[in-house]
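The values are calculated or read from the model by the stated rules, or taken from the named source; none is laboratory data. Bear in mind the structure is a predicted one, so any value in this text is a computation, not a measurement. Here the Cβ positions follow ideal geometry from the backbone for every residue, glycine too, while neighbour counts run over all protein chains shown. Side chains are part of the model used for accessible areas, which takes the heavy atoms of the whole protein and leaves out ligands, DNA and RNA. Shrake-Rupley method; radii C 1.70, N 1.55, O 1.52, S 1.80 Å.
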Amino acid sequence: MKKFTLFVVLVFLVFPALTQAQDAKKIDYDSDRNIRNEKYPGAFVLSKVENQVYFNHEGIEVWCDLAIHYNDENFFRAFGNVRMQQGDTVTLTSNYAEYNGNSQFAFASGDVLMKRPQTTLETDSLFFNRLKQQAYYVSGGKVIDTGGVITSNIGRYFMEQDKYSFVSDVVLTNPEYIINSEQLDFYGETGHAYLYGPSTIESETSTVYCERGFYDTRGDTGYFVKNSKIDYDNRTVKGDSMYFNRNTNFASATNNIEVIDTINKSVVTGHYAEVFRDKDSVFITKRAVATSVQDNDSLFIHGDTIMITGKPDKRIIRGFYDVRLYKSDMSGKSDSVHINQATGLTKMINIISGPVTSVTKRRSPVLWSGLSQMTGDTIHLQSNNKTEQLDSMRVFNNAFLIQKDTIEGYNQVKGMDLVGLFEDNELHQVDINKNTETLYYSRNSEQELIGINKTLSSSIRILFEEQEIDEIYYYQNVDGNLTPEEDFPLNVRELIGFNWRGDERLITKEDLFKGKPAPELVKINGIPLPEDDEDFFDEREEGDDLLLNDKSRLKPEDLQNRAKDSIPQLREPQTLINAAEDKIENEEGDELLPNEKSKIKPEDIQNRVKDSIPQLKEPQSLIKAAEEKVKNEEKPEAEENQPDE
């Protein structure tokens with residue numbers, strides 16, 4: 001009874017494995033010549049005479065010059081001019097290959113070439129899992145596509161998606177650019193490439209950097225996120241999200257934009273930008289700010305829209321709609337601004353024409369320097385490009401200068417035009433011409449008020465000391481008098497056109513946005529992380545069937561999910577060819593087994609030794625040794641090479 005019980009247990013343990021092995025379809029084959037060899041127990045040595053050895057299994061066909069076929073184990077090794085064909089879409093050639101019919105797992109090495117309709121893969125060695133429809137290499141590979149050539153240390157191909165996943169030292173080379181990336185997923189049908197980790201796209205005119213991105217290698221357009229930037233010859237564009245079109249040399253950026261001009265020492269920020277490289281132009285909006293360095297100080301210009309055009313040596317900055325300027329010693333406002341960086345001329349412009357009203361006065365250009373406020377229809381500021389300091393200013397039409405006195409009054413000067421001179425970036429002298437008029441609070445040396453002076457003249461010169469009015473000179477047609485403060489009516493203490501705008505003055509850089517709501521940033525549609533694909537090699541436990549076979553050249557540790565520099569260079573010993581020749585000599589005890597489908601008889605094989613040796617590409621020494629043995633049978637038997645590695 002105990003023996004019966006033990007038998008039943010053994011049947012239940014062994015039966016599933018037997019069933020699994022029986023379920024696998026046997027590999028069909030055809031060969032001109034079959035040879036048994038004691039060095040390969042349980043195997044046939046199949047070789048080409050006129051036709052290549054042929055295998056067929058579950059939709060895959062294999063041709064080769066020589067093979068070792070383990071029929072019982074449903075496994076073969078193929079040598080010389082190996083070609084695998086899966087349907088009409090996958091063709092693979094190599095010098096050597098292995099295939100396990102039970103696991104439908106293949107390995108190829110030596111000048112491996114896998115062709116698909118859109119791409120060609122070249123590598124030293126390749127694993128192919130037919131159940132998963134995936135190929136994998138860890139010994140370095142190259143993929144050729146219409147959009148370029150891609151090389152990497154490690155690569156994986158998903159046939160159902162027509163997707164390559166490249167890892168480690170990935171380089172995509174195109175005649176127009178080169179892509180370097182830590183990981184690149186490439187879709188052969190569309191030519192779309194997804195970049196992960198620090199990546200660059202370099203060309204003669206630009207360099208793109210990102211840590212996650214997309215690039216259409218056939219349409220030459222890209223989309224980049226995460227620390228993305230584009231470097232041109234003299235300009236760098238940064239943003240949370242960037243679009244790039246190589247065909248038109250156009251780029252756009254969204255959210256947290258920076259455009260850096262390395263030659264003119266300027267930076268423009270905002271939340272949306274467009275760059276037209278061929279036109280040397282940049283368009284920025286959404287809290288746009290242009291920053292330039294002047295005399296170790298920064299000039300900030302904010303507007304609804306900022307546009308930068310022109311070559312580096314003739315660059316123009318334009319700001320539109322409620323423009324605000326801030327510098328540590330000066331600030332201003334205007335409807336628009338025009339800055340010529342080559343000449344150092346800044347124009348503050350009021351684009352509204354027509355009669356002056358309370359509304360238009362608010363939008364007129366205004367400039368604050370020290371304690372003085374200057375307004376007019378147009379204001380020009382001239383900088384010295386060598387010293388980077390303010391040199392002069394000019395106010396055209398309706399010039400009005402106001403300086404607040406220590407009491408509740410205002411010193412006022414008005415005229416047609418105003419010219420101001422600066423020393424060390426401080427207003428030093430002002431000349432006002434044509435129909436000038438002043439209202440000035442006069443004080444003695446002890447700064448005691450002695451009266452209010454209201455005077456008309458043809459022109460006026462004002463000198464400043466420590467940013468305050470120190471002296472006033474009147475020229476031609478002077479008409480005025482000094483009136484005690486208590487005798488001067490309150491209702492005439494402001495000249496016609498008076499408009500004190502001190503509440504608008506910019507005191508800090510943050511005042512550039514005073515009274516303006518924060519912009520609503522666009523939600524970035526990011527690029528998802530690469531899919532977490534299952535490992536190529538399934539975890540195998542002790543007792544599991546081998547992916548290949550214990551007769552394989554590869555060891556179990558070669559079939560694990562870990563990066564390797566290369567698969568060992570595989571060499572087939574000379575003993576295989578020697579054995580084939582020995583069988584042809586029909587030594588005692590050997591058995592010659594032509595395939596039943598073959599038209600060649602055993603006696604024909606004996607007379608065609610030289611022609612029947614397979615023409616193998618790798619290693620060539622096999623052929624040479626075989627031919628030498630046929631030509632000179634009296635020589636000692638060729639020494640066998642070292643055993644399989």
Once normalised by the length of the range 436-492, the mean sequence separation of its alpha carbon contacts under 8 Å that are 6 or more apart gives a contact order in percent of 32
Total charge of the residues flanking Y475 in space, meaning their Cβ is under 15 Å from its Cβ, with Lys and Arg +1 and Asp and Glu -1, is -3
In terms of the charge dipole of the range 205-360, which places +1 on Lys and Arg and -1 on Asp and Glu at the beta carbon, the residue among A253, V293, S331 farthest towards the positive end is A253
Calc'd 3J(HN,Hα), the range 104-120, phi into Karplus 6.51 cos²θ - 1.76 cosθ + 1.60 (θ = phi - 60°), Hz, glycine/Pro = x, comes to 6, 10, 10, 9, 10, 8, x, 6, 6, 9, 10, 10, 10, x, 10, 9, 10
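Indicate the gyration tensor shape class of the range 161-201 (rounded, prolate or oblate), computed on the Cα atoms with a ≥ b ≥ c the square roots of the eigenvalues: a/c under 1.5 is rounded; otherwise a/b larger than b/c is prolate and the rest oblate.
Oblate, since a/c reaches 1.5 and b/c is not below a/b.
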The extension gain from I144 to D278, computed as 0.36 nm times the residue separation minus the Cα-Cα distance, is 45.1 nm
Residue separation between E485 and E534 times 0.36 nm, minus their alpha-carbon distance, gives in nm 8.6 nm
Once phi for every residue in the range 172-182 is put through the Karplus expression 6.51 cos²θ - 1.76 cosθ + 1.60 (θ = phi - 60°), the whole-Hz ³J(HN,Hα) values, with Gly and Pro written as x, are 10, 10, 10, x, 9, 6, 10, 9, 10, 7, 6
Those chymotrypsin sites (Phe, Trp or Tyr not before Pro) from the range 147-221 that are DSSP loop and have at most 13 other Cβ neighbours within 10 Å turn out to be none
Ordered by number, the trypsin sites (Lys or Arg not before Pro) in the range 270-322 that occupy a DSSP loop and have at most 13 other Cβ atoms within 10 Å are K279
With a 1.4 angstrom probe the carbon and sulfur portion of accessible area for the range 47-156, in percent, totals 43
With a 27 Å threshold on alpha-carbon distance, the violating pairs from K333/K523; K434/K509; K404/K514; K327/K514 are K333/K523; K434/K509
Lys and Arg at +1, Asp and Glu at -1: neighbours of E485 with Cβ under 14 Å from its Cβ sum to -2
Measuring from its Cα centre, the range 29-95 shows a charge dipole (+1 at each Lys and Arg Cβ, -1 at each Asp and Glu Cβ) which, in debye to the nearest 20, is 260
If R0 = 41 Å, then V522 and N499, at their Cβ-Cβ distance, give a FRET efficiency to the nearest 0.05 of 0.60
Quick calc, the range 158-278, dipole around Cα centre from Cβ unit charges on Lys, Arg (+) and Asp, Glu (-), nearest 20 debye, gives 360
Per principal axis, largest first, the Cα atoms of the range 114-218 extend in Å by 44, 24, 22
Here the net charge surrounding G239, from other residues whose Cβ is less than 15 Å away from its Cβ (Lys, Arg +1; Asp, Glu -1), is +3
Karplus ³J(HN,Hα) for the range 149-154 (6.51 cos²θ - 1.76 cosθ + 1.60, θ = phi - 60°; Hz, whole; x = Gly/Pro) runs 10, 10, 10, 6, 6, 10
Here, the range 206-283 modelled as identical Cα point scatterers in vacuum has Debye log10 I(q)/I(0) at q = 0.12, 0.13, 0.19, 0.20 Å⁻¹ of -0.28, -0.33, -0.72, -0.79
Once K514 and E448 are pulled to full extension, the length gained, defined as 0.36 nm per residue separation minus their Cα-Cα distance, is 20.0 nm
Whole-percent carbon and sulfur contribution to the accessible surface of the range 246-327 (1.4 Å, no ligands, DNA or RNA) stands at 52
Here the residues of the range 414-438 lying in the modelled label zone of D470, meaning backbone nitrogen under 17 Å from a point 7 Å along Cα-to-Cβ, are 420-431
Measuring from its Cα centre, the range 97-241 shows a charge dipole (+1 at each Lys and Arg Cβ, -1 at each Asp and Glu Cβ) which, in debye to the nearest 20, is 400
Computed from the beta carbon distance with a Förster radius of 45 Å, FRET efficiency for Q161 and I316 to the nearest 0.05 stands at 0.35
For the range 306-447, dividing by residue count, accessible area per residue (probe 1.4 Å) in Å² works out to 43
Taking protein heavy atoms only, a 1.4 Å probe, and rounding to whole percent, the accessible area of the range 385-539 owed to carbon and sulfur comes out at 46
Note to self: with every protein chain in place and a 1.4 Å probe, the range 84-126 gives an accessible area per residue in Å² of 30
FRET efficiency for M416 and T120 from the Cβ-Cβ distance with R0 = 60 Å, rounded to 0.05, comes out at 0.15
